[in-house]
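Please read the structure below before turning to the comments.
The values are calculated or read from the model by the stated rules, or taken from the named source; none is laboratory data. All of these numbers come straight from a predicted model, not from anything done at the bench. Counting neighbours? That spans all protein chains shown, and the Cβs are built from the backbone with ideal geometry, glycine included.
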């Protein structure tokens, strides 16, 4: 493995048909020359990006490479679409695969699955906001009703807002392939946050598409850590 990147390790999520990998990366140790050793396509638009963005891209795509190897994909390349969304390859037998990639700080993760078993995959990791940052951006993340609901939860505001920010990022990723376009945080409203079950439930405030009408509810699972929060959503097909 190249010096700036650890080997991705499999992590456990509560879904038997989902593969998940996590790795760590060191931005200070990153060089393009090292990264290009990896069998990962490098988009031309990232050639002049800052080192952190470049390092995170390779770390996330390398986690995806390991996941696709586990799923026997026809290729381990995850390209970029017109709206910068990951384009997932098919399996060797033609089965459709899907996944989600995230990174924050020095951590990158990926989840992937065969879509006939699991669909609408979304994952996001975020480092805890400071109280200052939380106060500055709260109005772009939550509305007044959501803030009232958060105050009823035994959680510091900055951590709670980080969790909701991450959960809404996960909703965006999970629904993007149905919607095919960007939508803002106010498209989903927090209904409740349960620290015991580690579930945050949201309701769509607007119709995004015919299969995601206003009022549709979506559950986001989360895991809390000392310095970051992880949120994810996987819809099991029955």
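Take the conditions under 20 Å from residue 138 (Cα atoms) and either under 17 Å from the mean Cα position of the chain (by Cα) or outside the structural domain of residue 105 (by TED's automatic domain parsing) (or both) and apply them to residue 184. Does it pass?
It is true that residue 184 is under 20 Å from residue 138 (Cα atoms) and either under 17 Å from the mean Cα position of the chain (by Cα) or outside the structural domain of residue 105 (by TED's automatic domain parsing) (or both).
Go through segment 7-20 and report how many residues are out of contact with any strand residue (DSSP E or B) (no Cβ under 8 Å at 6 or more places or on another chain) and surrounded by 12 or more Cβ atoms within 10 Å (Cβ to Cβ).
First, the residues of segment 7-20 that are out of contact with any strand residue (DSSP E or B) (no Cβ under 8 Å at 6 or more places or on another chain): 16.
If we keep only those that are surrounded by 12 or more Cβ atoms within 10 Å (Cβ to Cβ) as well, we get none.
So the count comes out to 0.
Only residues that are farther than 18 Å from residue 234 by Cβ and either in contact with a strand residue (DSSP E or B) (Cβ under 6 Å, 6 or more places away or on another chain) or not in a loop (DSSP other than H, G, I, E, B) (or both): list them for segment 177-193, please. Let's see the steps before the verdict.
To start, the set of residues in segment 177-193 that are farther than 18 Å from residue 234 by Cβ comprises 180-187, 189-193.
Hits for segment 177-193 are 185, 186, 187, 189, 190, 191, 192, 193.
Taking segment 5-29 only, how many residues are within 27 Å of residue 121 (Cβ to Cβ), modelled with pLDDT of 95 or more and part of a loop (DSSP other than H, G, I, E, B)?
3
Being within 26 Å of residue 20 (Cα to Cα) and either out of contact with any strand residue (DSSP E or B) (no Cβ under 8 Å at 6 or more places or on another chain) or assigned to a strand (DSSP E or B) (or both) narrows it down to one of 174, 200, 158, so name that one.
None of the other options fit; the residue is 200.
Of all residues in segment 30-41, which are in a loop (DSSP other than H, G, I, E, B) and more than 27 Å from residue 83 (Cβ to Cβ)?
Of segment 30-41, the ones in a loop (DSSP other than H, G, I, E, B) are 30-31, 36-41.
Answer for segment 30-41, where residues must be in a loop (DSSP other than H, G, I, E, B) and more than 27 Å from residue 83 (Cβ to Cβ): 31, 37.
For segment 143-151, does any single residue satisfy the condition of being within 24 Å of residue 127 (Cβ to Cβ), without any contact (Cβ under 8 Å) to a residue 24 or more places away in the chain and in a helix (DSSP H, G or I)?
yes
Out of all the residues in segment 168-191, which are surrounded by 16 or more Cβ atoms within 10 Å (Cβ to Cβ), closer than 15 Å to residue 120 by Cα and without any contact (Cβ under 8 Å) to a residue 60 or more places away in the chain?
Listed by number, the residues that qualify are 168, 172, 175.
Quick check on segment 159-167. Is at least one of its residues surrounded by 14 or more Cβ atoms within 10 Å (Cβ to Cβ), touching a residue at least 40 places away in the same chain (Cβ under 8 Å), under 27 Å from residue 107 (Cα atoms) and over 22 Å from the mean Cα position of the chain (by Cα)?
The answer is no, given that none of the residues of segment 159-167 is surrounded by 14 or more Cβ atoms within 10 Å (Cβ to Cβ), touching a residue at least 40 places away in the same chain (Cβ under 8 Å), under 27 Å from residue 107 (Cα atoms) and over 22 Å from the mean Cα position of the chain (by Cα).
Filter segment 42-53 down to the residues that are in a helix (DSSP H, G or I) and more than 11 Å from residue 27 (Cβ to Cβ), then identify the one that is nearest to the chain's Cα centre (by Cα).
The extreme case among them is 46.
Please count how many residues of segment 31-41 are touching a helix residue (DSSP H, G or I) at 6+ places or on another chain (Cβ under 8 Å), farther than 29 Å from residue 235 by Cβ and surrounded by 12 or more Cβ atoms within 10 Å (Cβ to Cβ).
3
Among the residues of segment 100-122, write down those that are within 9 Å of the chain's Cα centre (by Cα), in the same structural domain as residue 76 (by TED's automatic domain parsing) and more than 16 Å from residue 55 (Cβ to Cβ).
Residues satisfying the conditions are 100, 111.
Yes or no, residue by residue, for (1) on the phi < 0 side of the Ramachandran plot; (2) exposed (fewer than 15 other Cβ atoms within 10 Å of the Cβ):
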position: 22; (1), (2): yes, no
position: 29; (1), (2): yes, yes
position: 43; (1), (2): yes, yes
position: 58; (1), (2): yes, no
position: 64; (1), (2): yes, no
position: 91; (1), (2): yes, no
position: 94; (1), (2): no, yes
position: 98; (1), (2): yes, no
position: 103; (1), (2): yes, no
